[in-house]
1. How many times 2.2 N^0.38 Å is the alpha carbon radius of gyration of the range 61-231?
2. For a label point 7 Å from the Cα of A174 along Cα→C-beta, name the residues of the range 91-124 whose backbone N is under 14 Å from it.
3. Please work out the FRET efficiency for the pair D111 and D78, using the Cβ-Cβ distance as r and a Förster radius of 22 Å; give the result to the nearest 0.05.
4. Rounded to whole Hz and in sequence order, give me ³J(HN,Hα) for the range 225-232 from the Karplus expression 6.51 cos²θ - 1.76 cosθ + 1.60, θ = phi - 60°, writing x for Gly and Pro.
5. Given Cβ point charges of +1 (Lys, Arg) and -1 (Asp, Glu) and nothing else, what value in debye, to the nearest 20, does the dipole of the range 57-187 about its Cα centre take?
Amino acid sequence: MNRKSLIMLIAVVLSAQFTQAQDTLHLFGNRNDGSTEAKMPDQQSRNRNEIQTLTGPGSHFGFYFGFTTGYSRIDGYDAVNAGASVALIANHSLAIGFSGKGFVSESFRGDAGSSANYNYAGGYGGLLIEPILFPKRPVHLSFPVLLGAGGVARNRVSGMYHPYDYDDFFIEEAEAFLIAEPGVEIELNVARWLRMGVGISYRIVSSLDSDGFNPAEMDGFNGGLSLKVGLF
């Protein structure tokens, strides 16, 4: 083999090695002009397979102040209630906060032969957990759950002008209880900062003093209207 043929062979081998090195670098995303290509397919797959969290990239946080009013029955008597809540909203789909309600029943006569009138009054509150389904739709569903504690009093009222209007009352009995109140609401997005809803819930009460209080007096459905103002 003469010198000229040897030089040509060496040039071909070096050219092949250089081309192979370029291809190897290209596989790792580096072009020969110094730029970087898009992510490798296996890296994209890893990103898709990662656990997605509420606080991950692109997450959204909002809040609302809510007000409710409704109707219920306590121990078989009509009752009205009103409440308020405040909550943070994660990714439009889960609200977590605090909620509280107060209630008062219509007046009723005491035991047979008694001329005294009585009513029930009290309140409860605690942790609010509220999943929201299809929150960006004009009409959507939410599923609020209240977990907490409260108290109820049986009052003797006097100077009564109306089932809910009287001059004075005297607490005869008072009891504390634990409560769980799951519910469902249909909500309407009136504006970006305003929601209105109608819903029902069910109170499940557990007595803290089983000797003096029948929790079945408090168990029951509650229906009402809600108004929420905030950043959704």
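Taken together, the values in this text are just the output of simple stated rules run on the coordinates, not laboratory data. Everything quoted here is computed from the prediction, not taken from an experiment. Note: ideal-geometry Cβ built from the backbone for every residue, glycine included; neighbour counts use all protein chains shown.
1. It is 1.14.
2. Taking a point 7 Å out along Cα→Cβ of A174, the residues of the range 91-124 whose backbone N falls under 14 Å are 121-124.
3. Numbers: r = 20 Å, r/R0 = 0.91.
The formula returns an efficiency of 0.65 here.
4. Karplus values, whole Hz, x for Gly and Pro: 10, 9, 9, 10, 10, x, 10, 9.
5. Details: 7 positive and 14 negative charges, 109 e Å.
Dipole of the range 57-187, to the nearest 20 debye: 520 debye.
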